[in-house]
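The values are calculated or read from the model by the stated rules, or taken from the named source; none is laboratory data. No experiment lies behind these values; they were computed from the predicted model shown. Here the Cβ positions follow ideal geometry from the backbone for every residue, glycine too, while neighbour counts run over all protein chains shown. To get the accessible areas, we keep the full protein, side chains included, count just its heavy atoms, and leave off ligands, DNA and RNA. Shrake-Rupley method; radii C 1.70, N 1.55, O 1.52, S 1.80 Å.
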Amino acid sequence: MNFDYAQLFSAAIPETVVVITAFLALLVDFIFLRNLPARTRTSLLATVTAVGCLSAIAWMGVSHSTYRLDDAIFVVNPMTQLVKQIILALTIFTAFISVQTNFTRHLGEYFILLLLASAGMMFLVSAENILAIFLALELLSLSLYVLTAFNKQSVFSAEAALKYFLFGGMSAAFTLFGLSLIYGVTGEMNLTAIAAKLAGKTTDPLFYVALVMTVIGFGFKVAAAPFHMWAPDAYQGSPTPVTSFIAAGSKVASFFILAKILFTGFAGAEGDAGWHHYISGWTPVLAILAALSVIIGNLAAISQKSVKRLLAYSAIAHGGYALLGILTADQKGFASLIYYVTTYALTVIGAFGVVAVVENYGGDKLSDFAGLSRRAPILSACMMVFMLSLAGIPPLAGFFGKFYVFTSAIQLGAKSLGLLWLVILAIAMSAVSLYYYLQVLKQIYVVDASDKTTVSVALPTQFVIVALAIAVVVLGCVPNLLVGKILAALSLG
Amino acid sequence: MKPVGLEHYLVVSGLLFCLGLWGVIVRRNLLIIYMSLELMLNAANLALVAFSRFNNKLDGQVMVFFVITVAAAEVAVGLALIVALYRKKQSAHVEDLTTMKS
């Protein structure tokens, strides 16, 4: 067995750049920045991060190579490159939102972990092999556990990290056990070969155990109900930029890999979740998760007092909507899934960015947002865009995302409206969600402020939040900017 | 006497996994929960090795080495998190992980 290392290296250049940037950030911080004030330090390190990530994005934009390492351990095609670019963009936004907060002195370590987590996501996106998927998933998860615990002053942070770790560890064990059974049934490690071997074997009881275990494992990862228990605590306790990264980047990567495992590895075992023509397979399992997620997420969010916790429950609900895109089990649904999670990620990073700013003046309770429109008009306008987009109000990106996912779920030609029950449930629940998003906006625009001081925002953070708000509006008005790219990448890949 | 076959390994592996899961759910001490988590991972390892042996392929055993390494890294992170929590709360019990429920 011999392969071309030069070719492997040139395929993995984006990942290499990100890892080098990670160590560079640590080094720069140790050697030059130790004695500077915290905010300058963070800004400079965020700039280093941005330069590294942007050069990786640019490289992927220029080179259009495809690559497939032996046994599909590392796969590069237009689709993976597009998702990696999205993930790196989310990393840059997170880095600049961190400028606003002041939770740690160990900034070099913070940025290296942030970048290693992104590298983990990139490898995850490129993995089509059980071993590679597990390793990349663990690289991502371990970095996120530590990031969650990064605020050493706060007892919440340690507690959140521990809960995240316990549930994450359990999810890893479930995933690994499921994948090992699949390896046992098929004797293969890479997803395409697994699908080929599985053809005709899908009645094997061992396969169903494996399927359920894998879906449970990833259910924890994407925080789909009933495996969502960790999410509210982890979201609330982590430092806010980390929360936004968990909600955005990790979600995009996890949904992408879940879809890939199910579409590529378990192709032929879809089954049918339609109302009167149930066939066992993975779609009925996911349909249950999706239905529970939209119900539990939206109903629990109503009674929350902490905005971070509210956004956590809303993230569970949005996970449910996104699962609808996977349920379609076809390329069109896949495109809608990618569009949905990307726009959701952009929106939620912006929303958490606003929370990070407000947190400096008290906390993340709903009452801390009272009268924000008088204290920070621009920020409030951005928050309005984010909240309305999450609720799915046209013409914002969140509306088109939901519309795209729902229509692709309904338009499953042969299965003729089988998923209609789930789509109706999702639409009804999304109407419920409007209530709690408007609660936040009511606090911002209607309720009077107890504290009248103007809110000062670090310039990079302000810039990123405004840019995200503009992106949400633009992607809502001209969705083809992103949809076109996804469809082009799909047809090439 | 019947020779030991794949199904025997799978039964043991399944039992180990269930024991681990039981421990994670029932036990109240964080360290014991960690040990149970490790048990779940090792159940998967056992299954991988057995499948690898009976499929006459080595890649399952290769994967086990990676899993063991990752598990070690996971323990390092997990213990650090317990220490961080212990410093704040002087406790390593799950009952004390409830400050955030509003």
With the 1.4 Å probe rolled over protein heavy atoms, chain A has an accessible area per residue in Å² of 33 Å²
Using the alpha-carbon centroid of each, what span in Å lies between the stretch A:175-206 and the stretch A:432-456?
51 Å
Among the aspartates and glutamates, which fall within straight-line cross-link reach of A:LYS332, defined as a Cα-Cα distance under 20 Å, with same-chain neighbours fewer than 8 residues apart omitted?
A:GLU270, A:ASP272
What residue among B:PRO3, B:MET100, B:LEU46 has its Cα farthest toward the positive end of the dipole of chain B, where the charges are +1 on Lys, Arg and -1 on Asp, Glu, each on the Cβ?
B:MET100
Net charge, B:VAL62 excluded, C-beta distance under 15 Å - Lys, Arg +1, Asp, Glu -1:
-2
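Indicate the gyration tensor shape class of chain A (rounded, prolate or oblate), computed on the Cα atoms with a ≥ b ≥ c the square roots of the eigenvalues: a/c under 1.5 is rounded; otherwise a/b larger than b/c is prolate and the rest oblate. Could the numbers behind the result be given before it?
Numbers: a/c = 1.71, a/b = 1.24, b/c = 1.38.
Note, shape of chain A comes out oblate.
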With the dipole of the protein assembly as shown defined by +1 on each Lys or Arg Cβ and -1 on each Asp or Glu Cβ, the option from A:PHE174, A:LEU286, A:PHE369 whose Cα lies farthest towards the positive pole is A:PHE369
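Sorted by packing (mean other beta-carbon atoms within 10 Å per residue), highest first, where do A:121-134, A:387-400 land?
Numbers: A:121-134: 25.8, A:387-400: 23.2.
Ranked by mean Cβ neighbours within 10 Å, highest first: A:121-134, A:387-400.
Want the number for A:VAL447 to A:LEU481: 0.36 nm per residue separation, take away the alpha-carbon distance, what's left?
Numbers: separation 34, 0.36 × 34 = 12.24 nm, distance 3.77 nm.
Length gained, A:VAL447 through A:LEU481: 8.5 nm.
Could you tell me what percent of the accessible area of chain B is made up of carbon and sulfur, with a 1.4 Å probe and every protein chain present?
Numbers: 4030 of 5820 Å².
Here carbon and sulfur together make up 69 percent of the probe-accessible area.
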What percent does the relative contact order of chain A come to when contacts are Cα pairs within less than 8 Å and at least six residues apart?
15 percent
A plus B alone minus the pair: what accessible area, both sides summed, probe 1.4 Å, in Å² to 100?
3700 Å²
Between A:HIS106 and A:THR454, what length comes free when the chain is fully extended (0.36 nm per residue of separation minus the Cα-Cα distance, one decimal in nm)?
122.4 nm
Which distance in nm do the two modelled labels at B:TRP22 and B:PHE66 give, with both placed 7 Å along the Cα-to-Cβ direction?
3.2 nm
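Among A:88-99, A:189-200, how do they line up by average Cβ neighbours within 10 Å per residue, starting with the highest?
Working: A:88-99: 26.8, A:189-200: 17.8.
Top of the packing list down: A:88-99, A:189-200.
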Along Cα→Cβ, 7 Å out, is where each label goes; now give me the distance between the ones at A:ALA467 and A:PHE403 in nm to one decimal.
2.7 nm
On a straight-distance basis, which aspartates and glutamates could pair with B:LYS57 in a cross-link, Cα separation under 18 angstrom, same-chain partners fewer than 8 positions away excluded?
A:ASP70, A:ASP71, A:GLU188, B:GLU7
Quick check on my link table: of A:LYS365/A:LYS452; A:LYS84/A:LYS163; A:LYS152/A:LYS452; A:LYS251/A:LYS485; A:LYS402/A:LYS485, which ones sit more than 23 Å apart, alpha carbon to alpha carbon?
A:LYS84/A:LYS163; A:LYS152/A:LYS452
Just the number, please: carbon plus sulfur as a percent of the accessible area of chain A, 1.4 Å probe, no ligands or DNA/RNA counted.
71 percent
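When the helix-only estimate is applied to chain A (DSSP H runs of n ≥ 4, each -39,500 (n - 2.57), divided by the residue count), what is the mean residue ellipticity at 222 nm, nearest 500 deg cm²/dmol?
Values: 21 runs with 350 residues, N = 493.
It comes out at -23500 deg cm²/dmol, rounded to the nearest 500.
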